[in-house]
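Every read-out reported here was derived from the displayed coordinates using simple, explicitly stated rules and does not represent laboratory data. Since this is a predicted model, take the numbers as computed values, not measurements. Every residue, glycine among them, receives a Cβ derived from its backbone with ideal geometry; neighbour counts consider all protein chains shown.
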Amino acid sequence: MKHKHSLAALLVGMLAMAGCAGYDTTYGGATVNETLENTYWKLVTVGEHKAVVVDEAREAHLVLHAEDSRLAGSTGCNRMMGEYERDGDRLRFGQVATTMMACPGEVMGLEREFLDALDAVASWQVEGETLTLVDGEGEVRARFEAVHLY
């Protein structure tokens with residue numbers, strides 16, 4: 001009887017530790033790339049600037065919904081929504097609409113840069129958990145990091 005309880009405790013402990021290990025993006029030693037669409041992409045940099053998050057504000061992010069080619073997200077201040085067109089590694093955002101809340105100056109500056117970057121995007125690239133958006137001149141306009149919500 002004691003061995004049954006020990007085995008059960010060992011299995012529960014192993015499952016608990018496996019659950020704490022987190023998400024692994026490697027398979028057989030190779031990095032697995034996140035998908036562009038249907039992934040929560042947290043803004044890390046826009047142009048040369050790091051994304052800022054102010055207390056009680058949303059983090060800047062975007063999600064490209066594949067089913068209807070819709071963009072949803074946040075500029076770090078306001079919610080945003082819009083359309084996008086994807087053809088291979090080419091990417092173009094249609095008109096992006098935002099709510100109209102006022103935020104601290106540095107967040108409003110980030111919002112303007114973020115929206116300008118989306119307007120200039122011509123292509124995209126995903127390496128592992130990093131999304132890079134590039135303009136028509138080959139300049140990096142924004143970088144994002146995949147966030148797993150569950």
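Where the centroid of each part is defined by its Cα atoms, how far is the stretch 62-84 from the stretch 106-143 in Å? Each part reduced to its Cα centre gives a spacing of 14 Å. Counting other Cβ atoms within 10 Å as a rough exposure proxy, the listed residues V121, V32, V140 run V32, V140, V121 from fewest neighbours to most. Across the stretch 90-150, the mean sequence separation of Cα contacts (distance under 8 Å, 6 or more residues apart), normalised by length, yields a relative contact order of 27 percent. Cα gyration tensor of the stretch 107-149, axes a ≥ b ≥ c as square roots of the eigenvalues: rounded (a/c below 1.5), prolate (a/b > b/c) or oblate? Judged from the Cα gyration tensor, the stretch 107-149 comes out oblate (a/c at least 1.5, b/c at or above a/b).
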